[in-house]
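Enquirer: Quick one: structure below, then a few questions.
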Amino acid sequence: MKYIKNLLCFALLLWVAVPAMAAEKEGESLDISHIVLEHIKDSYEWHVTDIGDKAVVIHLPVIVHSSTGWHVFCSSKFEHHPDANGYRMGPYNLAIPTEGDHAGKIVELTAEGEKRPLDISITKTVATMFISVIVLLLCILIPARWYRKHKASDQAPGGFTGFIEMLVMYVVDEIIKPGVGKGYEKYCPYLLTCFFFIFTCNIMGLIPFPPGGGNITGNIAITFFLAFCTFVIVQFSGNKHYWKDIFWPDVPLALKAFPLIPAIEFVGIFTKPFALMIRLFANIMAGHAIAISLVCIIFLVAAKPVGVFLGMSTVSVIMSVFMSTLEVLVCFIQAMVFTMLSAIFIGLARHVPEEEHA
């Protein structure tokens, strides 16, 4: 694990260093915000690194529906450099603006101006997510194959299968069962899927080169969908006590007649999944941004006196290694927190007062 961590840190340094050194060589000022955004935002191509003046890029499929119909082509059809109007021109009157409200997104250029087509392209985030799902399936199917060939009375598995079993049992016994309570078994498939999907995507996001590098859980659309799934399950799992506590809580009648408490409780239905969405998105995106920013310190002080350069570079490397190590822990913690809160929300919706158990 130590060697893997060091390799990831070195790869992150190179991934940021090569473009930064190219900019310095050309006499350009180093734009930290641009470098950070380039590494964490979604795109239609998978930028690996720069070798001299040549960018090493993996071009991805573009699938859009414009006013002239469906179009499927490779993102290499777009110009690498923008024109005088700030557009990277492509076929079928399609372009990628570099500024404005649709910066970085495919637009159709019409007489009325920019128009967003129906865009279901395979972007960097989508491609990384597909790879993460394949990895996740392998992590599940390999242990499942072992269990099909063995009986429950056989010796416990070791190695990779034993590690996955340990992780599954930990999530079930320490997170799902206490959170959901009685009848937790039917929610295990969803909650386990949430945990392993988030954890796998987080780990893949730490790899700064293909097949990793996609900021999946740092994408608000992904965390929105996960939170929405939890929201739907919570509402359909709610019993009569759950809805009674929202619309007719046990408070003085005056607060019910003037529905302040019911209004607050009703808003709480939506604030819970909103908190799930923002917590996962913000923590992962901020972690990536901080790690890249720390590496950029080296190139910000490259033109400074030797003492300043060596001192700040040492601090940058130490902090980068620390952040990379911390990010591995954060990957697990964020997956665990999302799963734990989802289990608690489901458990609260199914809660039955103690007097009814008597």
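The values are calculated or read from the model by the stated rules, or taken from the named source; none is laboratory data. Given the structure is predicted, the values throughout are model-derived calculations rather than measurements. Backbone-built Cβ (ideal geometry, glycine too); neighbour counts: all protein chains shown. Heads up: the accessible areas ignore ligands, DNA and RNA and are worked out on the full protein's heavy atoms, side chains in. Shrake-Rupley method; radii C 1.70, N 1.55, O 1.52, S 1.80 Å.
Enquirer: Which residue is most open to solvent (accessible area, probe 1.4 Å), if the candidates are limited to segment 35-73 and must be of a type in the set (Gly, Ala, Ser) and modelled with pLDDT of 80 or more?
Expert: As a first pass, look at segment 35-73 and keep what is of a type in the set (Gly, Ala, Ser): 43, 52, 55, 66-67, 69.
If we keep only those that are modelled with pLDDT of 80 or more as well, we get 43, 66-67, 69.
Values: Ser43: 26, Ser66: 8, Ser67: 85, Gly69: 18 Å².
That would be Ser67.
Enquirer: Here is a follow-up. Go through (1) open to solvent by 50 Å² or more (accessible area, probe 1.4 Å); (2) outside any helix (DSSP H, G or I) one by one and return the number of the condition Gly104 breaks.
Expert: (1)
Enquirer: Using beta carbons and a limit of 8 Å, which pairs, at least six apart or on different chains, have the first residue in segment 239-254 and under 12 Å from His351 (Cβ atoms) and the second one open to solvent by 80 Å² or more (accessible area, probe 1.4 Å) and part of a loop (DSSP other than H, G, I, E, B)?
Expert: Asn239/His351; His241/His351; Tyr242/His351
Enquirer: Would you confirm, using the coordinates I've provided, whether Lys124 is among the basic types (Lys, Arg) and closer than 19 Å to Thr217 by Cα? Spell out how you get there, then give the answer.
Expert: On the way: among the basic types (Lys, Arg): yes; closer than 19 Å to Thr217 by Cα: yes.
So Lys124 passes the test.
Enquirer: Of all residues in segment 87-101, count the ones that are outside any loop (DSSP other than H, G, I, E, B) and either touching a helix residue (DSSP H, G or I) at 6+ places or on another chain (Cβ under 8 Å) or open to solvent by 60 Å² or more (accessible area, probe 1.4 Å) (or both).
Expert: Going through segment 87-101, the residues outside any loop (DSSP other than H, G, I, E, B) turn out to be 87-89, 94-97.
From what's left, either touching a helix residue (DSSP H, G or I) at 6+ places or on another chain (Cβ under 8 Å) or open to solvent by 60 Å² or more (accessible area, probe 1.4 Å) (or both): 89.
The number of residues fulfilling the criteria is 1.
Enquirer: Check off (1) outside any loop (DSSP other than H, G, I, E, B); (2) open to solvent by 90 Å² or more (accessible area, probe 1.4 Å); (3) not hydroxyl-bearing (Ser, Thr, Tyr) for Ala152 and give me the number that stays unchecked.
Expert: (1)
Enquirer: Name the residues in segment 208-238 that are open to solvent by 40 Å² or more (accessible area, probe 1.4 Å) and over 30 Å from Ile131 (Cβ atoms), would you?
Expert: Scanning segment 208-238 gives a single hit, Phe236.
Enquirer: For Ala84, which of the numbered conditions (1) among the aliphatic types (A, V, I, L, M); (2) in a strand (DSSP E or B); (3) open to solvent by 60 Å² or more (accessible area, probe 1.4 Å); (4) more than 24 Å from Gly205 (Cβ to Cβ) fails to hold?
Expert: Result: Ala84 fails condition (2) only.
Enquirer: Looking only at helices (runs of 4 or more DSSP H) that lie completely in segment 199-299, which have at least 2 residues being at pLDDT below 80 and farther than 26 Å from Phe338 by Cα? Steps first, answer last, please.
Expert: Numbers: elements: 220-237, 240-247, 253-257.
Per the criteria, 253-257.
Enquirer: Right, next: Of the residues in segment 74-90, how many are in contact with a Lys or Arg (Cβ under 6 Å, 6 or more places away or on another chain) and either closer than 15 Å to Thr123 by Cα or at pLDDT below 90 (or both)? Can you show your working first?
Expert: Initially, segment 74-90 is screened for residues in contact with a Lys or Arg (Cβ under 6 Å, 6 or more places away or on another chain), giving 78-79, 82, 90.
The next check asks that each one be either closer than 15 Å to Thr123 by Cα or at pLDDT below 90 (or both); those that pass are 78-79, 82.
Residues flagged as in contact with a Lys or Arg (Cβ under 6 Å, 6 or more places away or on another chain) and either closer than 15 Å to Thr123 by Cα or at pLDDT below 90 (or both) within segment 74-90 amount to 3.
Enquirer: Then there's this: Among the residues of segment 118-139, are any more than 26 Å from Gly205 (Cβ to Cβ) and open to solvent by 30 Å² or more (accessible area, probe 1.4 Å)? Full working, then the answer.
Expert: As a first pass, look at segment 118-139 and keep what is more than 26 Å from Gly205 (Cβ to Cβ): 118.
Within this subset, residues satisfying the condition of being open to solvent by 30 Å² or more (accessible area, probe 1.4 Å) are 118.
Yes, segment 118-139 contains a residue that is more than 26 Å from Gly205 (Cβ to Cβ) and open to solvent by 30 Å² or more (accessible area, probe 1.4 Å).
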